[in-house]
Amino acid sequence: MIEITKLTKRFGSLTAVDSLDLRIEAGDIFGFIGPNGAGKTTTMRILVTLMEPTSGAAFIDGLDVTKKGKDVRRRVGYMPDFMGVYDDLKVFEYLEFFAAAFGIEYRKRKAIVEGVLELTDLVSKQSAAVDSLSRGMQQRLGLARVLIHDPKVLILDEPASGLDPRARIEIRELLRELKRMGKTIMISSHILSELEEICDQVGIIEHGQLVFGGTIEEIRPRLGLHSKVRVKVLDGDEQAIELLTALPQIESVESAGEYLSVTFREGEQTDGIIARTLVNGGVDLVYLQPEQLKLDDAFLKLTKGIVH
Amino acid sequence: MVIGVRQMLGTLVRPGWLTGPIFEKELRVSSRRRRNYWLRSIYILLLAAFVAIVWLGVVEYQGSTAFAQSRMAVAGKRIVMTVVLFQFFATQILAVIMLSTAISDEAYHRTLGLLMTTPINSLQIVMGKMLSKLLQLLLLLGITLPILAIVRVLGGVSWGYLLSSLCITLTAVIFAGSLSLFISIRNRRAYAVIVRAMFVLGCFYFVLPLVLAAVLRVGWAPGFGNTGSTSSIGLLALLMHINPCYGIGHVTQVMLAPGTGLQFSWPTHCTIMLGLSGIVLARAVQVVREIALRQATGQLELTANGRRLALGKRRRTDSVEGPVKRVLGPAVVWKELRAPFIQGVDNRNSYIGLIITVVALLGTYWVVSQDGSLDESFVHASYGLLFVSMGGIFNIVFSATRITSEKESQTWSLLLATPLTSTQVLFGKAVSAFRRCLPIWALLGGHLAIFIFAGYIHPIAVFHLSILILWLTVFVTGAGLYFGTRFNRTTSSVVAVFALALGLWVLGPIVGGMLALLNNRADRVVNYMYFHPSVQTELIMAGASGTDNADLPLAALDYGNERILLGAARRAFGVGRMTVILLGTGAVYIGLGLVFFWRARCRLRRHIF
């Protein structure tokens, strides 16, 4: 659905996007991650035809964004990292204005606006002035706006920034609902744990270059990160460490306060071996929990955090 | 006790107690802005051009040396008067423009609340902003001092005039700047501040004298009405002390013709103006504190709606007036027509402003009728000039702000991310600019309708003025939209269009005049002036108004008004030639306007962020 080939954008001597290659399949949620100034927003702006690339190409639904700008805009809903509002419009008017801007016929607009208001849970606010909404409400209104023309692709630049936890959860649920509706979503965020829960794929970008692209499961082997398991025993930590260290599949066992952190050798994770070993060794096992690789860890490992 | 007094004196003497670090920060920031250097350069260029044209006009090159020397004193007086009047008006306009973002920028970038979390107080914020801009304006005033000092050697100009005019100008600048700063506290858009400040100053300088004259039933200017009466002299004395225009006018008149003046104390005038500025600034300090504290606690709402909400005067969900309106017709056009006339001002308040303007206008009709001049052609020419100038200025401001205000409120990229074509967006913006100027054109239309009906204006003036307004609107709107696409800041865009207008219609004639005088080809300047909107307005109205002209058949109308065209030889011409001149000018300017539209269309999707 989205294909980027050797995309480059330069601002004078600064290269914001550097030969970026990316492919996002239809119906996927793609998390676009990178430190500030990495080139995420510039890439998104090129995709929504608000900027021209210096070189390279980008396609949305098979359409070249530099040549078929108007057709691309019909297929894309773009939510920038800031909430631009018209002070003097009400919520319904704001959405209907954009419906008209997207060329939706007058007789269909009311039903469409009511539909997106319902989807974003803004029905009670339809007569409120746009600038009187709270930030969370404005973000929801932003999402309602990008849905107004039923685009195939949503490009959302940090839609959850500055929101409280409840609003973030609501936005996340809304994105899940949109995925169920078959939308292809490209989303950038600094709240990495949120992307982890909803993204099918992630792309980590730094200095305008993609340093990783793939599923979250693919990150671990790519980074040489080994599987870890948390083990809590009733008592006898030392005995447990002794038993587990003796296993050839285990690389290390470390005490992490309340629990033990067990690291497997690469490709050696074996279900049940830890539980079996401990129980057979007479140690009372309280719980055994696989440690998930956090996107934050991958992000920190992959990027140096250098800002342009 | 002694230590306490010493500490207090120490604090007062210490530099920066009044402004804190704001003053230094503002100077540092302004020194990095290219536009300030441009501003000074343009100011000097304009000033030099004015001085040169006056010099060349008075000291004729073709005369003998003895004759030329005999004209030196006259030239000295004229040059000093030109410089003084130029800087009087120019520096006030600059003060309004430069202080139009003084506080709103801080509030908009949410730094006002941050300042309140430091030991800086609201007095230091206000005075820091005010004095830093004032220093830059003082520099501009200082630039003219060597010219004035040199020209004074030619004779005829007293030190007293230089001192008094400088002080009157300075206090007027402080007042205009204070007003602009005060208005900028609650307006995020620079153009709204500029328009409002100009409106208030216009009321204070021009409408108030009219109202006072109407109330006291006397003339409002020397040589007008029954100025010989005691009440008239009393009114003039009052106006001179509270109105800088009258003050500067009086001291200049005394300089040109000593002994003809009324009793006027310029130190008193300056004290009154400083007092008025002090009141405005004191109120500004108070309001800044309220706004800053509100922002520091996360409650700031800069817009009118937000203010009402913050004051608890209206329910949150009902802050835009009226019911939900359905979008009809082209989206951008609908949105622009839905918006209030002036951003942040309820249409109700705009209508109140319009009613006040209409009442003031009717008041002027009444005052003029008392003088028995309502049937004179020069009166209608003056009204025509007023309406066209106002309409032109409004058109410049509104067309130059249509795009930049969207950029500033960060909605521009949202609009451009829709499939709307560049032409559709530009058309909507052009309609918006025209719609906002409609009240002025409606007033002109009303004036024409009333006085055509009364038999004081010939109906052909409607046709001629329509052509004039058409080309003026197309040209100015095109230029405004073009500069809107070039700049991200409203102030830059407005200043650019004003600079274009000044270049074409002020600097152009001056430079042309200089060249023509050097080459003894004044006829070229006269030809150029036929393309000038103000000259065209005056020609149309002077030729087709007044009881002498209103009843004439079309073929008998005469538009050769020698008063306007720089003393050039009178050349009588009729309605046909007037129409040809207007259509020719219209074709040229509409062509230029369309070129601007085309360039704006090409640039619309560049410099979006």
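Here, each number is a calculation from the coordinates, and none is a lab measurement. Treat the numbers as computed from the prediction; the structure is a model and nothing was measured. Because the Cβ atoms are built from the backbone with ideal geometry, glycine has one as well, and the counts that use them run over all protein chains shown.
Counted by neighbouring Cβ atoms within 10 Å, the residues B:485, B:271, B:117 run from fewest to most as B:117, B:271, B:485. When only Cα pairs below 8 angstrom with a gap of at least 6 residues are kept, the stretch A:2-221 shows a relative contact order of 30 percent. Can you give the FRET efficiency to the nearest 0.05 for residue B:282 and residue B:33, using r as the Cβ-Cβ distance and R₀ = 25 Å? So the FRET efficiency works out to roughly 0.30. Between residue A:57 and residue A:118, the FRET efficiency from the beta-carbon distance, with R0 = 25 Å, is close to 0.05. Would you mind getting me the FRET efficiency between residue B:470 and residue B:117? Use the beta-carbon distance for r and R0 = 51 Å, nearest 0.05. The value I calculate is 0.40.
Computed from backbone phi, the HN-Hα couplings of the stretch B:366-383 come to 5, 4, 5, 5, 4, 7, x, 9, 5, 9, 8, 5, 5, 5, 6, 5, 5, 4 Hz, rounded to whole numbers (Karplus: 6.51 cos²θ - 1.76 cosθ + 1.60, θ = phi - 60°; Gly and Pro given as x).
Its alpha carbons give the stretch A:226-290 an Rg and a Dmax of 10.3, 30 Å. Computed from phi, the 3J(HN,Hα) profile of the stretch B:327-332 under the Karplus parametrisation 6.51, -1.76, 1.60 (θ = phi - 60°) reads 7, 10, x, x, 4, 5 Hz, with x in place of Gly and Pro. Here chain A is treated as a Stokes sphere of Kirkwood radius computed over C-alpha pairs; at 4 °C and 1.567 mPa s its diffusion coefficient rounds to 59 µm²/s. Spin-label model, residue A:238 to residue A:5: label points 7 Å out along the Cα-to-beta-carbon direction sit 6.6 nm apart.
Peptide A:100-108 has a mean of 5 when you count, residue by residue, the C-beta atoms of other protein chains within 10 Å of its C-beta.
A straight chain from residue A:276 to residue A:150 at 0.36 nm per residue would run longer than the Cα-Cα distance by 40.0 nm. Taking amide H as placed 1.01 Å from N in the peptide plane, the amide H of residue A:210 sits under 5 Å from that of A:21, each at least 5 places away or on another chain.
Inter-chain Cβ neighbour count for B:421-433, averaged per residue, equals 0 (cutoff 10 Å, partner chain atoms only). Averaged over the residues of B:326-333, the number of partner chain Cβ atoms lying within 10 Å of the residue Cβ comes to 5.
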